[in-house]
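The values are calculated or read from the model by the stated rules, or taken from the named source; none is laboratory data. Model, not experiment: these values are computed from the prediction. We place every Cβ from the backbone using ideal geometry, glycine too, and count neighbours over all the protein chains shown.
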Amino acid sequence: MSDPVTHLLHHPYQPPAGFAAPQPGVFKASTVIFPNVAAMRARDWKHKHGYTYGLHGTPTTFLLEERIAALEGGAQCVLVPSGLAAVANVDLALLKTGDEVLIPANAYGPSKALAEGELANWGITHQLYDPMDPADLAARLGPRTRLVWLEAPGSVTMEFPPLAQLAHACRQRGVTTALDNTWGAGLAFNGFDLATPGSGADIVVQALTKYPSGGGDVLMGSIVTRDEALHLQLKLTHMRLGWGVGANDAEAVLRSLPSIALRYQAHDRAARVLARWLQARPEVARVLHPALEGSPGHEHWRALCTDPGQGGGGRAAGLFSVVFHERYRMAQVDAFCDRLRLFKLGYSWGGPVSLVVPYDMPGMRRHWPHRGTLVRFSVGLEAAADLQADLAQALDALAKT
């Protein structure tokens, strides 16, 4: 090789094996090099026995998949570019024209929008069921029902459903269940083992965007299973859709995972302090938080998420919603949100900075029982006392309007 560029590109040096460090290496690739044609023809992208192409996995993504599967109590994992992509991958893998999917009435909004848009365009119907009433779900299961989505707690309104009973109703009819476990993050409860081992969902998805990444700077989702055949069905759709995640994003999640339990506990602890404090404020009609008595589904949360060995306190993430007294107009509540200094206006949650979003519930839910404006809070990692002072100054200003 006389040309220095050719020599540079084909330099024979390989670093010695055996390097180990606390953080795993980052492998970036679209092209994967094979040693010979036989190896190229023999490698199977469906299993983690080797590497074929960047979309099908690298050492970095394989490692993250295995760790997320372990976190959720599953056996296999597929990574996708967002939490919504995880929902879409499951829907597209399991549903075809003429099938029906059942979705909780309080589910994540884009999940319902996907059913109303793309799925409907492809001849797949859907129904919304009452997640707090297993009998309503059982009555809606029909011969065309192929998939039922579970979610805990409800998006924005925070109702905690009787997950084990919902899963049992589906299992009796042989219908596949998929659980959105983003709130639980694999920590509050095991989505596969709700009442007894194996009594939970068939598929557990999560937006790794939230607590697993923890920085508010990564978009990623996961799909975890225990059944190998179901995993391969999902992975085939994953391949055909061309989903992929960036190596640096995978590295960011891998770097954050060791601290997820500590961060989750800190979010949870501060959120409960603020939620209980807000219960006593005269401007507030109701606080919606699964760990608070009187919140919809509190008894279901207590049965599933409390661990006697942990003192019975349970786990409940850092998310809650507040319904303001109906005497405050939406414009006044919007102004309250604008007055907050530490709580920032922004979607998503699970990051270090506290967030707030006001919602137009009548426009979101068909049957919304409260007349006051709802505001959702995501508690970050700031000191609870500072966040409480921020809320107090904005509430005091609201009371004077």
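Descriptive notes on the structure:
- In region 147-165, the residues that are among the charged types (D, E, K, R) and under 15 Å from PRO110 (Cα atoms): GLU151
- Condition met for VAL253 (aliphatic (A, V, I, L, M) and not assigned by TED's automatic domain parsing to the domain that holds ASP390): yes
- Within the span defined as region 191-212, every residue fails to be farther than 30 Å from GLN165 by Cβ and either assigned by TED's automatic domain parsing to the domain that holds ALA69 or surrounded by 15 or more Cβ atoms within 10 Å (Cβ to Cβ) (or both).
- Unmet requirement for SER321, which otherwise passes all of (1) in contact with a His (Cβ under 6 Å, 6 or more places away or on another chain); (2) under 21 Å from ASP130 (Cα atoms); (3) of a type outside the set (Val, Ile, Thr): (1)
- Lone qualifier among ASP217, ASP180 - being acidic (Asp, Glu) and either buried (at least 23 other Cβ atoms within 10 Å of the Cβ) or assigned by TED's automatic domain parsing to the domain that holds ALA291 (or both): ASP180
- Within region 343-400, being in a loop (DSSP other than H, G, I, E, B) and among the aromatic types (Phe, Trp, Tyr) holds for PHE343, TYR347, TRP349, TRP368.
- Check on PRO143, surrounded by fewer than 21 Cβ atoms within 10 Å (Cβ to Cβ), farther than 21 Å from ARG302 by Cα and under 19 Å from the mean Cα position of the chain (by Cα): no
- Answer residue from region 273-322, given it is at positive phi and surrounded by fewer than 23 Cβ atoms within 10 Å (Cβ to Cβ) and is modelled with the highest pLDDT among those: GLY297
- Pairs with Cβ under 6 Å, 6+ apart, first in region 246-258 and small (Gly, Ala, Ser), second modelled with pLDDT of 95 or more and in a helix (DSSP H, G or I): ALA247/THR60; ALA250/THR60; ALA250/THR61; ALA250/LEU64
- Some residue of region 204-220 being of a type outside the set (A, V, I, L, M, F, W, C), assigned to a loop (DSSP other than H, G, I, E, B) and closer than 21 Å to ARG146 by Cβ: no
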